[in-house]
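Here's the structure, in structure tokens; my notes come after.
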Amino acid sequence: MVHAFLIHTLRATKAEEGLCRVLYSCFFGTENSPNDAQPHGAERDRLLRKEQILAVARQVESMCQLQLQACGRPAVDLQPQSSDDPVHLRESPCGAFRLTAGDPFQEPRTVVWLGVLSLGFALVLNAHENLLLAEGTLRLLARLLLEHLRLLVPTASLLLRADYIEGILTRFLPHGQLLFLNDQFVQGLEKEFSAAWPR
């Protein structure tokens, strides 16, 4: 089961101005602790989730930078590019890492991430989830979001397109469930999405 999905910025270097920003996040289900005697308020839960997602985004950014350095690829790989240039997701840095219980989630989690130019995509999963299926799903989501929402266009406003993102997540990651999808089924879902959400 997927616990959360997020899109965030990636900086080319640590010295670059600005911080890692979470552009979009979606939680599936709730995280209740048996040790909590009193229920949390909605505002406290929202702030806790925001801190958790930001911690994941920062760790993904660090992992992406480390992978690029280890491969000898320049930090230029994280810079935005022209919207006319094709994006090759197979060449994009990706990986997975584990989060221990309490850091930042109450239960152990696994994060699968993908860095595409200046954007990071991540799925926060239960600790023993199928990582190959999760990576395939994340690549599919990234491709769909990049194609349909034109996220790499400098004027594209991701914040104003949350309904499009939710439409894609509803079809390809319903209620946080990873789906085994073949190409034909994916094409059918894409047509359904395109009909419901014209560009």
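The values are calculated or read from the model by the stated rules, or taken from the named source; none is laboratory data. Just so you know, these numbers come straight off a predicted model, no measurement behind them. Because the Cβ atoms are built from the backbone with ideal geometry, glycine has one as well, and the counts that use them run over all protein chains shown. Side chains are part of the model used for accessible areas, which takes the heavy atoms of the whole protein and leaves out ligands, DNA and RNA. Shrake-Rupley method; radii C 1.70, N 1.55, O 1.52, S 1.80 Å.
How many residues does the range 124-138 hold that are among the small types (Gly, Ala, Ser) and farther than 21 Å from Ala55 by Cβ?
Looking only at that region, the number is 1.
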With (1) at pLDDT 85 or above; (2) within 20 Å of the chain's Cα centre (by Cα); (3) open to solvent by 50 Å² or more (accessible area, probe 1.4 Å) as the list, and His8 as the residue in question, which single condition is left unmet?
(3)
Which one of these is within 29 Å of Gln177 (Cα to Cα), at pLDDT below 80 and among the aliphatic types (A, V, I, L, M): Leu78, Leu54, Leu89?
Leu89
Qualifying position, being open to solvent by 50 Å² or more (accessible area, probe 1.4 Å), within 14 Å of His8 (Cα to Cα) and modelled with pLDDT under 85, among Leu152, Leu159:
Leu159
Do any residues in the range 180-197 that are under 16 Å from Arg143 (Cα atoms) and touching a residue at least 24 places away in the same chain (Cβ under 8 Å) have Cβ atoms under 7 Å from those of residues that are basic (Lys, Arg) and surrounded by 15 or more Cβ atoms within 10 Å (Cβ to Cβ), where the two are at least six apart or on different chains, and which pairs are they?
Phe193/Arg171
Which ones in the range 28-48 are under 21 Å from Leu178 (Cβ atoms) and either modelled with pLDDT of 90 or more or among the acidic types (Asp, Glu) (or both)?
Phe28, Glu31
Going by the structure shown, is Ala101 modelled with pLDDT under 90 and more than 26 Å from Gln69 (Cβ to Cβ)?
no
